[in-house]
Amino acid sequence: MVMKPEPIYLALEKVKNDHKGKKTATIYLTPQGELLKQKRVDSLLEYDNLVLFCGHYEDIDYRARKLFDYEISIGDYVLSGGEPAAVVLVDAVTRKIPGALGNPESSAADSFSAAENLFDCPHFTRPPVWRGKHVPDVLLSGEHKGINIYRRAKAILNTLKVRPDLLRLSDLNKEDYKILKEYFKHYHCYDE
């Protein structure tokens, strides 16, 4: 089954008319859309309204696709409908809205939140030893330089290990190479 274009057109026109004067983005959630990345999430914050259209069945009439500002996919797989993708998009955008999180700086160090495609560094809490696994000593040392080196190096190394498609060694700058050299010289011994 393919959704007809006229009901889609009428629904989008109704929403646009109801929100005249507001900056509105219309988004079709489809596995054929651009892969959702943090950069797109951040760009959606400039809109007053987001209209999410969840596909079902086979698709929508191809002629109706031009009615949308964006076509977005949340991954290289197919869902029964676009609703789970809509929830993912709403959550990703909502947590970036000022005041949505208790601490406004909470999302600043998230994976993919900087200008680079790096995972966040590993995080630890108490107790310092849990089931024989230790928090790295450098993180308990109070030595800010060592802590920063450890965290940056682990973010780089974890990204290269888990998602090498996100980061090439040529993307690293001289400071990153210095950090990695220091990490392997002094801090990698803290890893299990």
>> Given the condition closer than 30 Å to Phe119 by Cα, among the hydrophobic types (A, V, I, L, M, F, W, C) and exposed (fewer than 12 other Cβ atoms within 10 Å of the Cβ), answer yes or no: does some residue in region 61-80 qualify?
In response: yes
> If we scan region 166-178, do we find a residue that is part of a helix (DSSP H, G or I), farther than 22 Å from Thr125 by Cα, in contact (Cβ under 8 Å) with a residue 40 or more places away in the chain and open to solvent by less than 80 Å² (accessible area, probe 1.4 Å)?
Replying inline: yes
>> Could you list, ordered by first residue, the pairs with Cβ atoms under 6 Å in which the first is in region 58-79 and under 19 Å from Pro5 (Cβ atoms) and assigned to a helix (DSSP H, G or I) and the second is at pLDDT 95 or above and open to solvent by less than 50 Å² (accessible area, probe 1.4 Å), at least 6 apart or interchain?
In response: Arg63/Pro5; Ala64/Pro5; Ala64/Ile8; Leu67/Leu12
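Conditions tested, residue by residue: (1) in contact with a Ser or Thr (Cβ under 9 Å, 6 or more places away or on another chain); (2) among the hydrophobic types (A, V, I, L, M, F, W, C); (3) at pLDDT 95 or above.
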position	(1), (2), (3)
Leu50	yes, yes, yes
Phe68	yes, yes, yes
Ser73	yes, no, yes
Gly82	yes, no, no
Val90	no, yes, yes
Gly99	no, no, no
> Among Asn148, Asn158, which is outside any loop (DSSP other than H, G, I, E, B), closer than 23 Å to Arg95 by Cβ, under 25 Å from the mean Cα position of the chain (by Cα) and at pLDDT 90 or above?
Replying inline: Asn158
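The values are calculated or read from the model by the stated rules, or taken from the named source; none is laboratory data. Just so we're clear, the structure is a prediction, and the values are computed from it rather than from any experiment. Note: ideal-geometry Cβ built from the backbone for every residue, glycine included; neighbour counts use all protein chains shown. Side chains are part of the model used for accessible areas, which takes the heavy atoms of the whole protein and leaves out ligands, DNA and RNA. Shrake-Rupley method; radii C 1.70, N 1.55, O 1.52, S 1.80 Å.
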